[in-house]
Amino acid sequence: MNYIVLDLEWNQGNGTSNREAAAIPFEIVEIGAVRLDSAGERSPSAGRDCAEFSRLVKPAVYHEMNQITGRLIHLRMKELKKGSPFPAVAEDFFRWCGEEEYRFCSWGNSDLTELQRNMEYYHMPPLADGPLAYLDVQKLFSIAFEDGKSRKALEYAVDFLQLEKDIPFHRALSDAHYTAKILTRILREKPQVLQNLSYDVFHPPKDRKAELKVQFETYAKYISREFDSKEEAFADREVASSKCYLCRRNLRKKIRWFSPNGRHYVCLAYCEKHGYLKGKIRIRKSPAGRIYIVKTTRLISPEDAEALRARRKHAGVLHRDRDIRKKSEVQKKGTMI
């Protein structure tokens, strides 16, 4: 399998209203990519740089360069006007990717989403009809060389690995080259971390059969089909369930789903064979305006389970106080009327 290490630069509005902004908030203005040959894990030639792609895109939506973006990527509108329309550049890019099997790779989790959003704006065929597997090299760097949780800047990773900085950052091809260098180190030194695939969910699963269930070394991930509301999602048995991803048993919850911060939901379950498991649900909004669920389940220690119980108790107090305040405000308004 080849690796297509992709980097995009995009422009956006300067804060003025634009009817296109909702459909394409970030207009791609440059595509840069490096194709790597896997050449076998731990091989000295693993990650060999095979070819590169670099093209400017002629703007069609935003005809002024965003001030912050212009300073960051060192591109002027005058240069961009010499580029080609996005559909032509994208088609050339996919032809360049080749007919051999390949996997997209990027630094972070934004590039494939914006690529697909721009493609949809121009009514191009989608890259996939559901979640698209790719390698988030930023995440892999953290798993391979740091704590697995932090997400550092590209230049930080280059310095950490003592890689040569021979070209400027913040242009599509140069950032793709640096990302490819980091991926090459991972391929040669710690290829086992490549099992930690990421999934771009610009196109959520179409139905229950297409829902994604993936088991990794230390956790399991579930990506649901779309629902009309949060209430409908939590009424679904698969969404609300707790399962041990090691023995596949359905588990009774010790703590039911609750939100400690209003941003996500967590629960606690117990497997007699493997111990405590923490479930975490994130509610995502699809481009169609509906919602889908990303649920992760992982084993945790008894100490972490106790900490989760404390968080649940604290969240309950906060919710109770909030309800009391709301009730008081309603009573005051009734008295005033």
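Can you tell me which of (1) under 23 Å from the mean Cα position of the chain (by Cα); (2) exposed (fewer than 14 other Cβ atoms within 10 Å of the Cβ); (3) at pLDDT 95 or above is the one ARG95 doesn't meet? Condition not satisfied by ARG95: (1).
This table checks each residue for (1) assigned to a strand (DSSP E or B); (2) aromatic (Phe, Trp, Tyr); (3) under 20 Å from PRO131 (Cβ atoms).
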position	(1), (2), (3)
TYR276	yes, yes, no
ILE281	yes, no, yes
GLU306	no, no, no
LYS313	no, no, no
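Does GLU20 satisfy the condition of being modelled with pLDDT under 75, closer than 22 Å to TYR122 by Cβ and assigned by TED's automatic domain parsing to the domain that holds LYS190? Answer is yes for this residue.
Of all residue pairs spaced 6 or more apart or on separate chains, those with beta-carbon atoms under 6 Å, a first member in the range 283-295 that is exposed (fewer than 14 other Cβ atoms within 10 Å of the Cβ) and a second member that is modelled with pLDDT of 95 or more are LYS285/ILE291. The conditions of being in contact with a helix residue (DSSP H, G or I) (Cβ under 9 Å, 6 or more places away or on another chain) and small (Gly, Ala, Ser) are met by ALA157.
This table checks each residue for (1) over 18 Å from the mean Cα position of the chain (by Cα); (2) without any contact (Cβ under 8 Å) to a residue 60 or more places away in the chain.
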| position | (1), (2) |
| --- | --- |
| PHE141 | no, yes |
| PHE145 | yes, yes |
| LYS149 | no, yes |
| ALA153 | no, yes |
| ASP166 | yes, yes |
| ALA176 | no, no |
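Take the conditions under 30 Å from TYR62 (Cα atoms) and more than 16 Å from the chain's Cα centre (by Cα) and apply them to PHE160. Does it pass? So PHE160 does not fit the description; no. The condition (being within 29 Å of PRO126 (Cα to Cα), modelled with pLDDT of 95 or more and of a type in the set (A, V, I, L, M, F, W, C)) is satisfied by just one residue among ILE291, ILE300, ILE255: ILE291.
The values are calculated or read from the model by the stated rules, or taken from the named source; none is laboratory data. Not measured: the values here are computed from a predicted model. All Cβ positions, even for glycine, are placed from backbone atoms using ideal geometry, and neighbour counts span all protein chains on display.
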